[in-house]
Amino acid sequence: MDGGTIGNGGMNPVDDGGAMGGDGPLGGPPHVWGGMMPPMHYQMMGMNPMQPMPIMDPNMMMGQGMVPENMMVKEVIQLKSVTLIPPAPGMPAPPTRERPPGCKTIFVGGLAENTTEDIIREIFSRCGEMMTVRLSNKKFCHIRFLLEASVDAALYFSGYRMRIDNKTDAANTGRLHVDFAQARDDQYEWECRQRQLQREARHRDRVEKERLRVPSPPPVPHYTEHEASAVAERIKSEDTFGKAVQVVITWLERGDCSKRNASAFYSMIQSTNSHIRRLLSEKALHEEELQKAKDLMKARMQSLLIQYAQIERVFVAASHKKVWDHFTKAQRKNIEMWKKQAAEIKAVELEEHLNTGAEDEMDVSDEDDPMKKKPRFDDKISILKEENDSLKCQLEAYKNEVEVVRAELKGELDSTDAKLRLAQQTLQGMQQVGFINKDMS
């Protein structure tokens, strides 16, 4: 194919470019992918004839299986200062190297000697925003785009022959070769993006683990007299009883109890034992509420059974001979059906009521049984015995404290008596010395 013809019927590239590369459907420059679809001179179904045809990306069409790669037909692209002539149809696509990760930079070789940066920007500006263009004097350049998708669009120009100002001399012609380029900036940005994604993944994993982890129990404070008094007060409250008892258990297991603070621990244990009475009173309250609910339910059920009996009497009265003959056949059929349904429902409800009453009677009989009452009486006796034992232990503890105080006071009195005797002896010695001095004088 010479410089003045193209592989499409021998048309002049300039005239062809003027016809195809002039004003587009919207009055703008021709689109890169204009040669993908043949011109249509008829209206397609479902389209407005006043609106232009939508233009599709050939890469998307190839991915969807619409146009085979070897059947793609490229058009002449006429720009302001350069004309791009496509390769012959059926020619294989130019080879490319393996795409580096995060590639945003392309290598463009085969440029004409008179190529300028403005011409390069004019050709590749339709592929996307360009960040940098590095033009060499050896007929190649490097272009770095803002987006990775622009690189895929720029590969479309690989294989095109270019003519600057429609001149055919060697200085103004060239054959474009577009390929991926290895750039440190692209590699750095890609690595930064991968590290950011890894940090986000680690953060999500850490948040998920924190969400699924069982919360650890609160730390138990060390034993002090102030903390012991606060725990003793919390034991007496139902809301804080559980946590306070756990603290006491931890202190006992640690071995914080000693002879010095045994009385404080004993008072906390005694308060814990007193909680049993609160539990028994709460249980009695719940049993009373349950009994009230049972009585209310029994009354309601009796009211329902009375109403069922009244309904049954209505059906019986309607079945008398004097009344029954006045109803039609359909009405009598419905009345018989309703009467049967009411009887079945009453029987079911009565059976349930009787079963409930039998269960209540069994509970009452169990409670009335003296053999069943005896364990409860024994429990009360055992509780009283435990309280008596606890009071005895508390009294013994107080006695021990009194003995300790008495011993301490006795020791102080003995030391005071010894000091008094020493002072008296000293005073007597001083008096004798005074008498002797007086006699000598």
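The values are calculated or read from the model by the stated rules, or taken from the named source; none is laboratory data. Note that the structure is a prediction, hence the values are computed from the model and not measured. Cβ atoms come from the backbone with ideal geometry, glycine included; neighbour counts cover every protein chain shown.
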_Count of segment 388-439 residues which are touching a residue at least 60 places away in the same chain (Cβ under 8 Å) and under 30 Å from L280 (Cβ atoms)_ = 4
*Of all residues in segment 256-310, which are in contact with a Phe, Trp or Tyr (Cβ under 7 Å, 6 or more places away or on another chain) and within 20 Å of E238 (Cα to Cα)?*
H275
*asked:* Given the criterion modelled with pLDDT under 90 and assigned to a helix (DSSP H, G or I), identify the matching residue among R204, R211.
replied: R211
_Scan of segment 323-339 for residues that are surrounded by 11 or more Cβ atoms within 10 Å (Cβ to Cβ), out of contact with any helix residue (DSSP H, G or I) (no Cβ under 9 Å at 6 or more places or on another chain) and either modelled with pLDDT under 85 or not polar (S, T, N, Q) (or both), ordered by number_ = K333
*asked:* I'm trying to understand the selection: among the residues of segment 75-126, which are of a type in the set (S, T, Y) and free of Cβ contacts under 8 Å to residues at least 24 places away in the same chain?
replied: T116, S125
*Got at least one residue in segment 223-235 being among the aromatic types (F, W, Y), under 26 Å from L391 (Cα atoms) and not in a helix (DSSP H, G or I)?*
yes
*asked:* Return the residues of segment 191-226 that are under 30 Å from W251 (Cα atoms) and either in contact with a strand residue (DSSP E or B) (Cβ under 6 Å, 6 or more places away or on another chain) or of a type in the set (K, R) (or both); say none if nothing qualifies.
replied: R213
*Within segment 256-290, count every residue that is farther than 17 Å from V231 by Cα and either modelled with pLDDT of 90 or more or within 45 Å of the chain's Cα centre (by Cα) (or both).*
15
*Grab the strands (runs of 3 or more DSSP E) fully contained in segment 141-191, keeping just those with 1 or more residues being in contact (Cβ under 8 Å) with a residue 60 or more places away in the chain and surrounded by fewer than 19 Cβ atoms within 10 Å (Cβ to Cβ).*
173-175, 177-180
